[in-house]
1. Provide a single number: the residues in the range 178-198 that are under 16 Å from V129 (Cβ atoms) and open to solvent by 10 Å² or more (accessible area, probe 1.4 Å).
2. For the range 49-84, how many residues meet the condition of being at pLDDT 90 or above, surrounded by fewer than 19 Cβ atoms within 10 Å (Cβ to Cβ) and β-branched (V, I, T)?
3. Assuming N96 fulfils every condition listed in (1) open to solvent by less than 50 Å² (accessible area, probe 1.4 Å); (2) more than 30 Å from P125 (Cβ to Cβ); (3) among the polar types (S, T, N, Q); (4) modelled with pLDDT under 90 apart from one, which condition is it?
4. A128 is checked against (1) small (G, A, S); (2) part of a strand (DSSP E or B); (3) without any contact (Cβ under 8 Å) to a residue 12 or more places away in the chain and fails just one. What number does that condition carry?
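The values are calculated or read from the model by the stated rules, or taken from the named source; none is laboratory data. Keep in mind the model is a prediction, meaning the values are calculated, not measured. Don't worry about glycine lacking a Cβ; one is built from the backbone with ideal geometry, like all the others, and counts go over all protein chains shown. What goes into the accessible areas is simple: the full protein's heavy atoms, side chains included, and nothing from ligands, DNA or RNA. Shrake-Rupley method; radii C 1.70, N 1.55, O 1.52, S 1.80 Å.
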Amino acid sequence: MALPAGWHREYEGRHGAEYFYDRRNLTVSVLPRYERASGRASQKKPVGYVVRVHRILDPEPSVPMTLGEGETFAAAKDLAQKYMRRVDTRSLRAANEDAFAAFTDVASYDDDVLVDLCRSLARSPVDAVVHVDDGRVTVTHASNASPASVRDRLTARVRQFGELTEPGDSACYLARATTDLVWVSRGGADGTLVEFADAHDDVGAFLDEVGSFVRRRDVDDDAHET
């Protein structure tokens with residue numbers, strides 16, 4: 001396939017591919033996914049493919065971020081190319097903000113990816129992720145406590161955020177003496193709360209992008225229902 005401007009092919013084989021952007025400050029990989037980890041890859045048939053973006057926050061250390069999955073190699077490469085086109089549209093050259101924004105424009109929502117993104121952005125452990133949907137409070141990540149105790153501890157806080165949020169608000173950051181909070185409104189009183197051990201104010205520069213990624217949760221859910 002022809003690549004968007006600025007992108008180059010590292011390799012493209014039968015069941016995998018890797019592409020890099022100018023200066024090699026950004027890499028996209030298409031990797032096969034197998035039912036069993038054991039055995040030679042050449043003797044196994046992939047059951048799907050995963051697309052990952054590497055060094056999205058270069059030069060800061062970060063884990064590879066999962067952009068999404070495809071049932072076929074062709075579908076996964078199409079998703080990778082969609083991201084590459086988005087990067088090119090944003091005229092990225094070296095800015096981390098644009099690499100992240102392009103990711104949130106395209107990526108499928110996943111709680112684990114949200115945790116990885118926030119941990120890399122804030123250079124801080126993520127203690128909890130809490131969703132509010134139609135008044136129901138759900139804890140999808142809890143690192144130092146049980147989900148039940150996190151729900152008891154943060155339910156009052158998410159209710160307060162829901163009452164204070166107005167239409168059009170993207171996300172807000174609250175620094176506290178103990179832990180820091182980011183609240184993303186997803187409409188009405190619904191929203192998502194991310195609790196950091198200590199975000200050092202670093203996540204404040206990325207609130208719009210974090211909000212954009214979290215709201216893809218509702219977009220992806222609607223797509224699955226139709």
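1. 5
2. The number of residues fulfilling the criteria is 2.
3. Every listed condition holds for N96 apart from (2).
4. (3)
Conditions (1) touching a Ser or Thr at 6+ places or on another chain (Cβ under 8 Å); (2) open to solvent by 30 Å² or more (accessible area, probe 1.4 Å); (3) under 11 Å from L193 (Cβ atoms); (4) in a loop (DSSP other than H, G, I, E, B), marked per residue:
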| residue | (1), (2), (3), (4) |
| --- | --- |
| V139 | no, no, yes, no |
| S149 | no, yes, no, no |
| L154 | no, no, yes, no |
| Q160 | no, yes, yes, no |
| R176 | no, yes, no, yes |
